[in-house]
Amino acid sequence: MANKSELQISPKDIFLIAVPGIVAMGLFMYSFMNYLGKPFFDDLILFSFLIGVTPFAAGKYVEFSRMRKMESEFPNFLADVSSGVDSGMSIPQAIYVTKDREYGLLNQQIEKMAMQISWGIPFENVFKRFTERTKSPYIEKLTYLIIEANKAGGDIREILQAASRNARELKNIERETDTMIKPYILICYITYFVFLVVILILYKTFIQPLSGGAGAGFIKSGLSTEEFTTLFFRMLMLQGLFIGLAAGKMAEKRIIAGLKHAIILIASGYLLFNAVAEWGLI
């Protein structure tokens with residue numbers, strides 16, 4: 001089954017894309033018409049990009065963090081529902097009882113489930129609405145299995161126990177995977193900053209000295225110092241973007257999650273490169 005939560009775009013997402021996107025596009029058009037070929041053109045284009053993606057990236061970061069916290073409590077919720085069914089309760093009754101227990105951010109969703117059950121809504125529909133609100137593929141898979149297994153018949157207690165065990169095992173595997181992936185994320189950052197250092201060394205020891213004196217003719221025969229600066233700057237910004245997206249894909253299986261890494265790398269690269277090449281601070 002395809003994960004609907006991965007395909008749906010919420011009104012908040014539309015707002016976070018549309019409003020900053022309009023502002024960013026306006027700044028881009030203004031820069032293109034008034035500063036094309038001028039020193040600050042690349043800076044303005046970069047600012048347009050950051051204005052366009054930063055609100056959306058921040059919103060997704062908050063959403064993913066919230067989702068992971070709910071996922072970490074979901075195995076405990078399933079275990080408590082399974083215990084309630086073992087004691088003789090029906091599934092709706094077992095879910096209703098759990099509303100008074102502590103599950104962190106999941107409590108709000110469980111209270112909504114309990115309210116819907118008290119209204120007489122079938123638990124299959126309650127579970128479906130629950131997965132739509134959490135937007136978690138992990139929760140969606142497990143609740144889908146419970147609903148389909150219950151429809152097919154059989155011992156619901158064994159189904160819930162198996163789902164609870166699987167939920168814990170999946171979270172343990174995910175934690176182990178995260179631990180294994182973290183060094184590779186660190187390598188992505190190291191790779192970027194090594195690239196940045198190499199560019200700065202080339203700029204300070206090769207481009208700047210040759211821009212005057214005996215090397216001036218050599219530089220002028222190819223690219224000027226300003227053109228080298230622009231080339232290095234663009235290479236650095238593109239490197240930060242693609243390394244950041246790759247890091248997000250590795251860490252959270254979502255390219256969108258890489259926007260936060262890309263923004264961090266691009267901002268760091270911008271400040272360090274300009275501190276050397278433009279501002280003369282280093």
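Derivation of every value follows stated rules applied to the coordinates shown; laboratory data play no part. These numbers were taken from a predicted model, which means no experiment stands behind them. Virtual Cβ from ideal backbone geometry, glycine too; neighbours counted across all protein chains shown.
Some observations on this one:
- Test: residue in the stretch 175-186 that is assigned to a helix (DSSP H, G or I) and over 30 Å from P137 (Cα atoms): no
- Of the residues making up the stretch 227-261, those that are of a type in the set (A, V, I, L, M, F, W, C) and without any contact (Cβ under 8 Å) to a residue 60 or more places away in the chain are F228, L231, F232, M235, L236, L238, L241, F242, I243, L245, A246, I255.
- Yes/no for P39 being in contact (Cβ under 8 Å) with a residue 40 or more places away in the chain and exposed (fewer than 13 other Cβ atoms within 10 Å of the Cβ): yes
- For the stretch 40-88, a tally of residues being of a type in the set (A, V, I, L, M, F, W, C) and in contact with a Phe, Trp or Tyr (Cβ under 7 Å, 6 or more places away or on another chain) returns 5.
- Positions within the stretch 14-36 being surrounded by 15 or more Cβ atoms within 10 Å (Cβ to Cβ) and not aromatic (F, W, Y), in sequence order: L16, I17, P20, G21, A24, L27, S31
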